[in-house]
Amino acid sequence: MSKFLKFTASIVLLGSAWATNANAQDADAGEKVFRKCAACHAVGEGAKNKVGPELNEIFGRVAGSHEDFKYSKAMIKAGEEGLVWDHDSLTEYLAKPRAFVKGTRMAFGGLKKDDEIANVIAYLATFSSSAEQAAAEPAPAPTGASGGDTAPVETAQAPAANAADAVIPEHGVYHLGREALPEEVAAWDIDVRPDGVGLPVGSGTVADGGVLYDDNCAVCHGVFGEGEGRWPVLSGGFGTLTADRPVKTIGSYWPFASTIFDYVHRAMPFGNARSLDADQTYAITAYLLYLNDIVTDEDFELSNETFSEISLPNEENFYPDDRLDEANFDTNVEPCMENCGDGPAEIVMRARILDVTPDGDDESGAGGID
Amino acid sequence: MSQQPEKDKNFVPARRSFLQGGLTAAGGAAVAAIGGGAALAAGTPDPAITELKDWNQYSGPGVDAAPYGVPSPFESDVVRRNVPWLTADPISSINFTPLHELDGIITPNGLCFERHHSGVAEVDPAEHRLMINGLVDKPLVFTMQDLMRFPRENRVYFLECAANSGMEWRGAQLNGCQFTHGMLHNVMYTGVRLRTLLEEAGVKPSGKWILAEGADASGMGRSIPIEKALDDCLVAFKMNGEALRPEQGYPVRLCVPGWEGNMWVKWLRRIEVGDKPWQLREETSKYTDLMPDGRARRFTWAMDVKSVITNPSPQAPVTHGRGHTIITGVAWSGHGKIKRVDVSIDGGRNWQHARIDGPSLSRSLHRFYYEFNWDGSPLYLQSRAIDEHGYVQPTKDALRAARGDNSIYHNNGIQTWYLKTNGEAENVEVS
């Protein structure tokens, strides 16, 4: 309890304390910012290439030159034309990756705040031996806009100077909490149901979706939705549900198209969620339907109006849990205690993988956790 | 079964902990020799007794050395572990509780397995809100402080991921109960009944379902029927007495007792009341159980009666040789309390009642023990739990007969460990 009082009491100070902090580049703060990159990049001891190249010794690296990484043509060309990563070029690239290197495969919208950029660069500098100079440069002072979400908005909880002055709302049993404003509900309530409830107004075509998909999704999910490496497969798998190794995709398994819209809108692209607006999400959803042969016309426009025309082929193959009807759940059978089974037990199967090597990167495993 | 190359390397972590365990227990005596863990042979004085130890002579660190205490360095092997090849990326992945290192029924906070879909959200509690909207008389917003002013409850519940043991559907695969059964933890939660919060907002008669949603970057969401929401669901902010750990949903998570872990939404920020389920990704693409006919069960929420022997097990071999031996493990049921646990040492041919010790609480782990005199011959160890409704933990074969190999979730089959004469244990299946 006291903790929260402290929190609220210190809120007023936070804004100014933060501003002072941000005047110096802060590698520690940059480590946090780096989480926005960590879905695709590793840095530090033992860092390997992931979706993007590992970023050790990035200062002084010619763009697109990490030997073992497959870059876009655009990044290689930028390097050939003389782009070397330093404080300035990183600052520009991280603000607007696609504007700075046109055609880069880095599916990342960019960092919006100057202090985030400065801090993440300071953090990367700690893994670059040639970066002392960069570390010494002053960071740009935070602009008004960049302070945006560091000043906490909520004031409702400021402790009343006098307990007797606290305003007690009328609702409910305990009169706790306050009414949610319509704008607040709208900001969070973005879920979409199969019957279309929750769909925002908007539209997008298959063709538009293809461009967005290639830029934002293909690095992980593959150009045709086939999935790069172990990233999820989004298309195909038709007729495999009874096979030895079923491939469960939007086309082969998912019951409802609304789930695509809802999920992409709330959770994708991975590591940069909630960055697509309604029109973009309609377009990408249309494209995913196209990749799964559910719509076939590149001009098809998906919108809140046309959504109800779409149904997925596997919808009727889902049914409610009926486990309790299995013989396993019969409670009238006393389990056998003595001389059960035929003859002595014999091994019929051994652990397939004796070496789970948590620290290795053994790729031989089968099965998954989904 | 054999699309992947067979591997028969020795299980490395077990080896390592075997060695360390042996060394510390036997004070440097040869480990390979079974029985090395016992006091040294008669006639040779034990240096652990005769030599003056540093800790017996010099003062240790003071009370200011560890404001938040951590385990002994000798326990550094007791950690969560992940299996890199299971998922594309550790940010959307899983690690496992080291069940074979624990006793009693409570899982320590730092060892509770983690599963998240966009990494651990770091939420500032001062800026966290819980919203209730949808089919309610008045949509409400609560701060953390508001939540803590509602009447609180303390309850111990297990949380099991629906995919626990999911890798074992096609046959024995991972060698260690940490990996076969470690998507499981058992914690005492402090929180507020979800019912209390819903009543504060006033659920409309048309409200039949709730959507629970998280504040993390995966926006985790699950539909839950209103009956369950108004029954025992808990909005929890403490685990085992202290604030939730970030990886368990700090500052607030949902507990859905007895039901699959994915529904226990972490970083809970919104409850919407509606008249139909939402059919979000985690209840359609995932957490639906594919049957052999290609159709799929949905809304398979409850976790069925299950148990596993945690010691001995592949990561926890018997190092003391024959003689008095303790078999121990855990049992649980999403339907209520455990009534009985049976143990077999001959692969299910003959069964004995195990002894349950410690609290027996509904939808919580139960700890069982079976003590016997091991003659050193190879054994097939199994445990079988029966819950208060009379549901009996099935064999894996019975499950496969009913559900095929591809349903991933809800594998509560009986586990077999093959205990060899040298004390090592291996994950096997028997006839």
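The values are calculated or read from the model by the stated rules, or taken from the named source; none is laboratory data. Only a predicted model underlies this, so the values are computations on that prediction, with no experimental measurement involved. Here the Cβ positions follow ideal geometry from the backbone for every residue, glycine too, while neighbour counts run over all protein chains shown. The accessibility values were calculated without ligands, DNA or RNA, using every heavy atom of the protein model including side chains. Shrake-Rupley method; radii C 1.70, N 1.55, O 1.52, S 1.80 Å.
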- Item | Length added when fully stretched, B:ALA401-B:GLU199, from 0.36 nm per residue minus Cα-Cα | 68.3 nm
- Average partner chain C-beta neighbours within 10 Å, per residue of B:165-176? 5
- Note on the structure: If one builds a Gaussian network model of chain B from Cα atoms under 10 Å apart, the most fluctuating residue listed among B:ARG115, B:ARG152, B:ARG295 is B:ARG295
- Item | Straight-distance crosslink candidates among lysines, where the alpha carbon sits under 25 Å from A:LYS70 and sequence neighbours closer than 8 are dropped | A:LYS36, A:LYS48, A:LYS50, A:LYS96, A:LYS102
- Note on the structure: Under the 7 Å Cα-to-Cβ spin-label approximation, A:THR242 and A:CYS340 lie apart by a distance in nanometres of 3.3
- Task: State the percent of C-alpha pairs, over all pairs in the protein assembly as shown, separated by a distance greater than 45 angstrom.
- Result: 31
- Would you jot down the residues in the stretch A:218-233 that end up with at least 20 Å² less accessible area in the complete protein assembly than in the chain alone, with a 1.4 Å probe? A:ARG230, A:TRP231
- Query: Got a sec? Which residues of the stretch B:399-420 lose 40 Å² or more of accessible surface with every protein chain in place, vs. that chain alone, 1.4 Å probe?
  - Reply: B:ASN406, B:ILE408
- Message: Quick check: pseudo-label points 7 Å beyond the Cα along Cα→Cβ at A:THR306 and A:LYS96, how many nm apart are they?
- Response: 3.1
- In the neighbourhood of B:HIS324 defined by beta carbon distances under 15 Å, the net charge of the other residues (Lys, Arg +1; Asp, Glu -1) is 0
- In order through the stretch B:226-240: 3J(HN,Hα) via Karplus (6.51 cos²θ - 1.76 cosθ + 1.60), integer Hz, x for Gly, Pro: 4, 4, 5, 4, 8, 8, 10, 5, 10, 9, 9, 10, 10, 10, 6
- Query: Put a dot 7 Å past each Cα toward the Cβ at B:GLU127 and A:VAL348; how far apart are the dots in nm?
  - Reply: 5.7
- Between B:GLU371 and B:TYR58, the FRET efficiency computed from the C-beta separation at R0 = 41 Å comes out, to the nearest 0.05, as 0.55
- Using only Cα atoms, what Kirkwood radius does chain B have, in angstroms? 23.4
- How many partner chain Cβ atoms sit within 10 Å of a residue's Cβ in peptide A:328-337, on average, as a whole number? 6
- Write down the accessible area per residue of chain B in Å², having rolled a 1.4 Å probe over the full set of protein chains. 36
- Query: Of all the C-alpha pairs in the stretch B:29-176, what % are more than 20 Å from each other?
  - Reply: 75
- Taking amide hydrogens as modeled 1.01 Å from N in the peptide plane, which residues meet the under 5 Å criterion relative to B:THR310, leaving out close sequence neighbours? B:THR328, B:GLY329, B:VAL330
- Item | FRET efficiency, 1/(1 + (r/R0)^6) with R0 35 Å, evaluated for A:ASP293 and A:ASP322 via beta carbons | 0.65
- Task: Over chain B, with every protein chain in place, what whole percent of the accessible area is carbon and sulfur at 1.4 Å, could you tell me?
- Result: 53
- In terms of Cα to Cα distance under 19 Å, which aspartates and glutamates are near enough to B:LYS420, apart from those fewer than 8 places away along the same chain? A:GLU346, A:ASP355, B:ASP8, B:ASP346, B:GLU371, B:ASP375, B:GLU429
- Item | Peptides B:307-315, B:384-392, B:139-147, A:179-187 ordered by average Cβ neighbours within 10 Å, highest first | B:307-315, B:139-147, B:384-392, A:179-187
- Note on the structure: As straight-line cross-link partners of B:LYS238, the qualifying lysines (C-alpha separation under 24 Å, not fewer than 8 residues apart within one chain) are A:LYS3, A:LYS6, B:LYS228, B:LYS266, B:LYS337
- Query: Roughly speaking, to the nearest percent, how much of the stretch A:26-75's 1.4 Å accessible area is carbon and sulfur?
  - Reply: 51
- Query: Interface B/A, total buried accessible area with a 1.4 Å probe, nearest 100 Å²?
  - Reply: 10700
- Item | Share of carbon and sulfur in the accessible heavy-atom surface of the stretch A:177-223 [1.4 Å probe, %] | 63
